[in-house]
Amino acid sequence: MSANWQIHRRTFLRGVGAAMALPLLDAMAPSLSSVVSAATSTPKQLPKRMAFVYVPNGVTMRDWLPATSAGGEMTLPRILQSLIPYKDDFSVLSGFAQSQGFAHGDGAGDHARASASFLTGTHPRKTSGTDIKAGISVDQLAAEHIGDQTMLPSLELSCDAGKRLGSCDSGYACAYQFNLSWRSENMPMMPEVDPKQVFERLFGDTSRGVDSQRARSRRALFQKSILDFVSDDASRLRARLGRNDGRKLDEYMTAVRDIEKRVERAEKLAPKLPAGVHAPDEYDGFEEQTRLMFDMLALAFQTDSTRLSTFIVSHEGSNRPYPFIGVNEGHHDLSHHQNNPDMIEKITKINSFHARQFAYFLDKLKSIKEGDGTLLDNCMIVYGSGIGDGNRHNHDDLPVLLAGRGGGTITPGRHIKVPPRTPLNNLYLSMLDRVGAPGVERFGDSTGRFDGIA
Amino acid sequence: MRFVVISLSALLGLSPAAVASPDMSADFQTKTLPLLKRYCYECHGDGASSGDLDMDRFKTLADIRGDKPTVAKIIRYARTQVMPPPDAEKALSLADRDALADALMVQLYDLDPKHPDPGPMVLRRLNQTEYRNTIRDLTGVSFDPALDFPQDDTGYGFDNIADVLTLPPMLLEKYLKAADKIMEEAIPPADNPKKKMTEPMRKLFVRYAGQRAASTTQPVNFDSNVARAILTDFARRGWRRPPRRDEIDRLLKLYDLARRNDETFHGSIRHAMKAVIVSPSFLFRGDVSADPARNVRPVSEYELATRLSYFLWSTMPDDELLDLASRNLLRRSLDAQVKRMVASPKAHGFVENFAGQWLQFRNLDAAHPDGKKFEIYDDRLRDSMRRETEMFFESILKDDRNPLEILTADYTFVNGRLAKFYGIPNVDPGMREFKRVSLEGTKRRGILTQASILTLTSNPTRTSPVKRGKWVLESLLGVAPPPPPPDIPALESGKQLTGSLRQRTEQHRADPNCASCHAPMDPIGFGLENFDAIGRWRDSDGPDKIDASSSFTDGSKFNGPGELVELLARTRQNDFYRALTEAAMTYALGRGVEPYDQPAIDRITAQLRKPDAKFSTLLIGVIDSAPFQMRRADNFQRTASLNGMMNSVASRSDDHRHPGETP
């Protein structure tokens, strides 16, 4: 439609008068003059944030693992060159495994299993449609504990919209490859792929300006009436249906309740848009999209809109070519390099490109002051892949980085080697403790906590 | 087009059948067992148990039903021609293969065509395409969800599969936002007096509130009965069924609330309409009508109208379909309605969404031919390629041709650009419109040689015989290669492969671990090697001369794309018809096909094999089938005859058994 909307999408903070009825999210966002930042300023109370950044198809391990001196000093390898300025802000963790990514009798489909198991620690059910099943992911487990403290319990991001058609990896539903976060065993959390949409989720459609308290409460009333109506509809229909058919309506009702809760939280928790920040413009190309997404993620953490996030830089098994860095072949095709040196070189180039974007993100987090330190100090950010070497499709010896100091609970700047096949889920348990979801006894195949990060 | 009116009494004859009829047991002994002995025992019987499979234990019908997973695997391996392997003593003929697989299906799952199980009733959320089209037809607003909504997940190769179309909270939020935008476009706010209502809204207001109210959005006064009439009509179309009284009462409450809060008449209607298009009754389709206590029953006429409409049009039923449903006349008019629907421009939805996903050309945008190597490839050429395949499929649909022509047609559709690209003479290179041209005298025949398909099955810098072979097997022949054996050795130890692309591919295949899957796949790709990675004809690939000859494991040989296409059309017809039928069923039902769908699929496939088969044979076959026409009742219970198959889908069937539930 809407030449009109396109304009709205591109403009921001234009001071127009009160529009008749603004989209839902605007009703949740308080007027910009009245917000109070939720983040407080005493260091003790600074919130801790946790994020997971996913890159696909493994990495060239020999160009990823740092050389380590006797004293534990890292010399960063090729892929991690762009991270040198942040060397003291992250550790390379090597030796971890996500063992449920392995076939265990299910045959091909390592890409689907890699991403589906990465944060869930579960073995996804092999199905191309009916009965998808993985497990709750670590970020969502944390959200159950701390999600109600921020406007958004969690934020899911990706640079890849789901596949438009065709089947995905070897008989696995595409949901396994295009989602990292799972709210329950059969409810993947679909990520946002457009930075501008993310911005609107956080701050509303700021393009239409701000209107009066009266108009705002009237709008809230109208929206509540619609939520009440549809929620009533759903329960009436639900009563007419059997168990399996009713599952869809259960999803619907869960969604309604979630939104109602958000409306309630909005008044006290809505984030304040920092001065000088505006909605992202249209992006041009993959690198810009990635960086804008990292901007949005940093902004969400900065404004304490959420404390939990997952970001799929590119989906597992992605065959995206990278012509802008001289790689015209598809990423996945290249990853089956059969030890061809040219192909390995190109994989290293792609890995380095991804790491460069991550460096951009760390730079951003580090440039934002918080308390006596920086935003990065209060973060725990895992960067990694559910596949070790793309040519082998192994799910042990995974490439994993952990950035940030977790509010002073983590000592970065090291290469931490763990015994082969140490469950990655042990690391997750330690992170859950730190982020405010303590006491989880087991996650996936965890065998205990991994406190080597302290 | 002749519609076979299904006999409801036949479909509803639900007296429980006898458990494992003696006939079936005897059939297993006299027909199936000898085939197993003849073709499988060399390695899996008489004491041999290669791959830990010992068939000596399958002596009776009860034995195979006792190990469904293994027998299901045997059926799949036979169908996909993975077994018997190329070096087996006795090659399995295609006729024997079909006889064996069909019989085992019936025996394993106790299928009884006389007492069909239509499968579970599923609620399907509208996917992005359906939402966009439905909003367009209902409100007159063109809204593109692709800009706002998260991408739908796909399953079984389609994006309209009920189970994977989930509704996370974020999406409901988007629906709420979208409803605001859409309804304010349909009925513009009064503070924007220049904007007019959309056509469907105007008509609605004319009908119930008169001309004056339809030509303005400024304050007017009407009795709430007028609002009730407008909302009832809107909800009926939006929910694809007559709204119940309590539903309308609740909509009226929304209207009243807005009125009490100083909203105009138009604005208050708009407010209630927003609720209509966020309601689960709008977002989900499925038969939720109250239910008599019967095992299976026909779906309501409204639900049938909805199924038909989304199947053939990817959008909501129009007034004619709803009207027939309201008078209970739709089942009796199916023949004429299907004909009308196929002729409608809306049938393009079927081409784009069914064919586009089945054959994958809807995804051509995702192919990224290397810009340096293929300078000629640009967005316009890509769009021309896709348009060619769309028009080609649409002509087979609308001219009601035999579906096998998808494979063999000696004609296609080109514009000037594409004609030049293909080297087809006598077409003005500047011509923008497409026209039908003969392929006589060219080396192209059918879909396999169209540039769209050849491009989307290539890598960015080169062709991929494996991808092309896999595409043909999966899409056209419905025989997805099984996954590699679980203990396949890692490739890391492998030495670097050398030589031409073909030589490298063959080296890979020489590895016995790879051969069983690559043997049926790679030759097809070799036969298409004369087409480069964007579908241009070539005689050599760099220094290597193209060798487009190859052979299949059954010994049949071919040289070049022409012979390959001819060979596939002649020997693999049954596979093609089955693949097409299964794809159409999956798309129409919004779920994967299951063993209980087998009788319907067998029947349609058999009809397609007849010499006078047409495309409508397929459409009518699907629409006529039990899974499309019927639903399990809420209190569906296993009858004796259903026992066998229910065990195979135990986890789901349990969900459908609610003996205590009253309708």
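The values are calculated or read from the model by the stated rules, or taken from the named source; none is laboratory data. Values in this document were obtained by computation on a predicted structure and should not be read as measured data. We place every Cβ from the backbone using ideal geometry, glycine too, and count neighbours over all the protein chains shown.
Which strands (runs of 3 or more DSSP E) does region A:342-448 wholly contain that include 3 or more residues that are more than 22 Å from the chain's Cα centre (by Cα) and closer than 15 Å to residue A:92 by Cα?
Counting at least 3 such residues, we get A:415-423.
Which one of the conditions (1) assigned to a helix (DSSP H, G or I); (2) among the charged types (D, E, K, R); (3) crowded, with 18+ Cβ neighbours inside 10 Å does residue A:264 fail to meet, given that it meets all the rest?
It fails just one condition, (3).
So which residues in region B:549-604 are part of a loop (DSSP other than H, G, I, E, B) and either at positive phi or hydroxyl-bearing (Ser, Thr, Tyr) (or both), if there are any at all?
Residues satisfying the conditions are B:553, B:555, B:556, B:590.
Out of (1) within 14 Å of chain B (Cβ to nearest Cβ); (2) of a type outside the set (A, V, I, L, M, F, W, C); (3) free of Cβ contacts under 8 Å to residues at least 24 places away in the same chain, the odd one out for residue A:393 is which?
If we test residue A:393 against (1) within 14 Å of chain B (Cβ to nearest Cβ); (2) of a type outside the set (A, V, I, L, M, F, W, C); (3) free of Cβ contacts under 8 Å to residues at least 24 places away in the same chain, just (3) comes out false.
Mind telling me which of the residues B:83, B:121 ends up being out of contact with any Cys (no Cβ under 6 Å at 6 or more places or on another chain), buried (at least 22 other Cβ atoms within 10 Å of the Cβ), within 14 Å of chain A (Cβ to nearest Cβ) and among the hydrophobic types (A, V, I, L, M, F, W, C)?
B:121
Can you go through B:343, B:347, B:355, B:366 and tell me which one is touching a residue at least 60 places away in the same chain (Cβ under 8 Å) and among the aliphatic types (A, V, I, L, M)?
None of the other options fit; the residue is B:366.
Give the residue that is surrounded by the fewest Cβ atoms within 10 Å (Cβ to Cβ), with candidates limited to residues of region A:217-240 that are touching a residue at least 60 places away in the same chain (Cβ under 8 Å) and either outside any helix (DSSP H, G or I) or more than 7 Å from chain B (Cβ to nearest Cβ) (or both).
A:220
Among the residues that make up region A:63-74, is at least one of them surrounded by fewer than 18 Cβ atoms within 10 Å (Cβ to Cβ), modelled with pLDDT of 95 or more and assigned to a helix (DSSP H, G or I)?
no
Please work out which residue is nearest to the other protein chains (Cβ to nearest Cβ), limiting yourself to region B:132-165 and to residues that are without any contact (Cβ under 8 Å) to a residue 24 or more places away in the chain and over 16 Å from the mean Cα position of the chain (by Cα).
The selected residue is B:151.
Matching residues to (1) modelled with pLDDT of 95 or more; (2) surrounded by 22 or more Cβ atoms within 10 Å (Cβ to Cβ):
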position: B:161; (1), (2): no, yes
position: B:179; (1), (2): yes, yes
position: B:195; (1), (2): no, no
position: B:202; (1), (2): yes, no
position: B:210; (1), (2): no, no
position: B:219; (1), (2): no, no
position: B:229; (1), (2): yes, no
position: B:236; (1), (2): yes, no
position: B:239; (1), (2): yes, yes
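Could you list all residues from region A:305-349 that are out of contact with any Pro (no Cβ under 6 Å at 6 or more places or on another chain), within 11 Å of another protein chain (Cβ to nearest Cβ) and of a type in the set (Asp, Glu)?
Hits for region A:305-349 are A:333, A:342.
With the condition kept exactly as written, say whether any residue in region B:170-180 is over 21 Å from residue A:230 (Cα atoms) and either in contact (Cβ under 8 Å) with a residue 24 or more places away in the chain or within 9 Å of chain A (Cβ to nearest Cβ) (or both).
no
If you go through region B:218-252 one residue at a time, how many are farther than 12 Å from residue B:272 by Cβ, within 14 Å of another protein chain (Cβ to nearest Cβ) and not basic (Lys, Arg)?
Total satisfying the criteria: 4.
Restricting attention to region A:400-409, does a residue exist that is surrounded by fewer than 21 Cβ atoms within 10 Å (Cβ to Cβ), farther than 30 Å from residue A:324 by Cα and within 14 Å of chain B (Cβ to nearest Cβ)?
Checked against the condition, which is being surrounded by fewer than 21 Cβ atoms within 10 Å (Cβ to Cβ), farther than 30 Å from residue A:324 by Cα and within 14 Å of chain B (Cβ to nearest Cβ), region A:400-409 yields no hits at all.
Quick one: residue B:351 ticks every box in (1) in contact with an Asp or Glu (Cβ under 7 Å, 6 or more places away or on another chain); (2) part of a helix (DSSP H, G or I); (3) farther than 21 Å from residue B:314 by Cβ bar one, so which box is it?
Every condition holds for residue B:351 apart from (3).
Given the condition farther than 22 Å from residue B:133 by Cβ, away from every other protein chain (no Cβ under 14 Å) and either assigned to a helix (DSSP H, G or I) or basic (Lys, Arg) (or both), answer yes or no: does some residue in region B:336-345 qualify?
Yes, region B:336-345 contains a residue that is farther than 22 Å from residue B:133 by Cβ, away from every other protein chain (no Cβ under 14 Å) and either assigned to a helix (DSSP H, G or I) or basic (Lys, Arg) (or both).
If only one of A:328, A:351, A:339, A:394 is crowded, with 24+ Cβ neighbours inside 10 Å and of a type in the set (S, T, N, Q), which one is it?
One residue alone meets the criteria, A:351.
What tally of residues in region B:393-420 results from selecting those that are touching a helix residue (DSSP H, G or I) at 6+ places or on another chain (Cβ under 7 Å) and in contact (Cβ under 8 Å) with a residue 40 or more places away in the chain?
So the count comes out to 13.
How about region A:94-183: which helices (runs of 4 or more DSSP H) wholly inside it have at least 1 residues that are closer than 19 Å to residue B:154 by Cα and within 12 Å of chain B (Cβ to nearest Cβ)?
Because the criterion is at least 1 residues that are closer than 19 Å to residue B:154 by Cα and within 12 Å of chain B (Cβ to nearest Cβ), the helices (runs of 4 or more DSSP H) in region A:94-183 that meet it are A:110-118, A:175-178.
For region A:241-285, what are the residues that are within 13 Å of chain B (Cβ to nearest Cβ) and more than 24 Å from the chain's Cα centre (by Cα)?
A:241, A:242, A:243, A:244, A:245, A:246, A:247, A:248, A:249, A:250, A:253, listed by residue number.
Regarding residue A:94, is this residue in contact with a Pro (Cβ under 9 Å, 6 or more places away or on another chain) and either at pLDDT 95 or above or of a type in the set (Ser, Thr, Tyr) (or both)?
Here the answer is yes, as residue A:94 does meet what is asked.
Any idea which of (1) closer than 27 Å to residue A:374 by Cβ; (2) under 26 Å from the mean Cα position of the chain (by Cα); (3) in contact (Cβ under 8 Å) with a residue 12 or more places away in the chain is the one residue A:98 doesn't satisfy?
For residue A:98, the failing item is (1).
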